[in-house]
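Values quoted throughout were computed directly from the atomic coordinates according to the rules given, and no laboratory measurement underlies them. All values reported here derive from a predicted model rather than from experimental measurement.
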Amino acid sequence: MADWAMIAHKLDDAASAARAIPQFSDKIEYSLEDAYRVQHLVVGRRILRGEKRCGMKMGFTSRAKMAQMGIEDMCWGRLTDGMIVEDGDSLSLSRYVHPRVEPEIAFLLKRELRFPCTAAEALAAVDGVAPAMEIIDSRYRNFRFSLEDVVADNASSSGFVVGPWHSPDRDLDNLGMVLEFDFRPVQIGSSAAILGHPVRSLVAAARLACEAGEVLEAGWIIMAGGATAAEALRAGIHVRNSVQSLGTVSFSVTE
């Protein structure tokens, strides 16, 4: 049996040092259940260093994202407060291996959400909805990985930016979304690309959390998943996601 703690240690060290490492699936066979066990250990190391769990991210919820990565299954990762990038702030490329960004929608929970739940019940647990972006950064060489590899690596989640919160009592099913670099569109999509409706992603998050023995907690942020393919970041650019009826969220990139 593989040493899951050692794999978690290597992934955590790679993230801390912003250093690419080989894919584990090239040398070992491990299941999706094993991969989530590693993810739990990786994030646990961060929590031991003082970070706090603050939410969950959904991955591979759009056809564009699945096509880009050559993967067909939805996955999820854990968010901590150490991953937060404030709206309008800057981030340094030195913290990442090969970072990319994708436009998203975020939910803020006002009470815990358990599965089973309907879409209406999930939405009733939401305190706010906001334009958002996720910074993803696989720790694997050449951004190449199996589903098990990416899950172990916290579903490539490295940071997230959330814009102003709005009341959730608005239509979210087909909101136009424009990701811009230096105010020029690089990706154009719709919230409908997120499982057909982003609230479905929230229900899926509750289901996946339940399967892992977890509950979506009050105060948590749930990132619904990318609405478009991700774009590689480079130094010196301003990044903005504009979401119809929800406004904008942005950050800048330094060396």
TODO: Would you mind getting the Kirkwood hydrodynamic radius of segment 113-201 from its Cα pairs, rounded to one decimal in Å?
DONE: 15.5 Å
TODO: Tell me, rounded to the nearest percent, the portion of alpha carbon pairs in segment 54-182 spaced more than 22 Å apart.
DONE: 41 percent
TODO: List the residues whose amide H sits under 5 Å from the amide H of D87, counting only those 5 or more places along or on another chain, with H placed 1.01 Å from N in the peptide plane.
DONE: V162
Task: Alpha-carbon Rg/Rh ratio, for the chain, with Rh computed the Kirkwood way - done: 0.94
Open item on the list: In whole Å, what are the extents of segment 14-60 along the principal axes defined by its C-alpha atoms, from largest to smallest?
Closed with: 32, 24, 21
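Student exercise: in segment 4-254, how many lysine pairs 8 or more apart or on different chains have Cα atoms under 20 Å apart? Walk me through the numbers before you get to the answer.
Working: K10/K27; K52/K110; K57/K65; K57/K110.
Going through segment 4-254 pair by pair, I get 4.
Can you give me the orientation-averaged projected area of the convex hull built on the Cα atoms of segment 137-255, in nm²? Could you put the intermediate results ahead of the total?
Numbers: hull surface 34.5 nm².
Convex hull of Cα atoms, orientation-averaged projection: 8.6 nm².
Using DSSP, restrict attention to beta bridges with both residues in segment 4-254 and report what percent are antiparallel, rounded to the nearest 5.
Details: 45 of 53 bridges.
Taking every DSSP beta bridge within segment 4-254, about 85 percent pair in antiparallel fashion.
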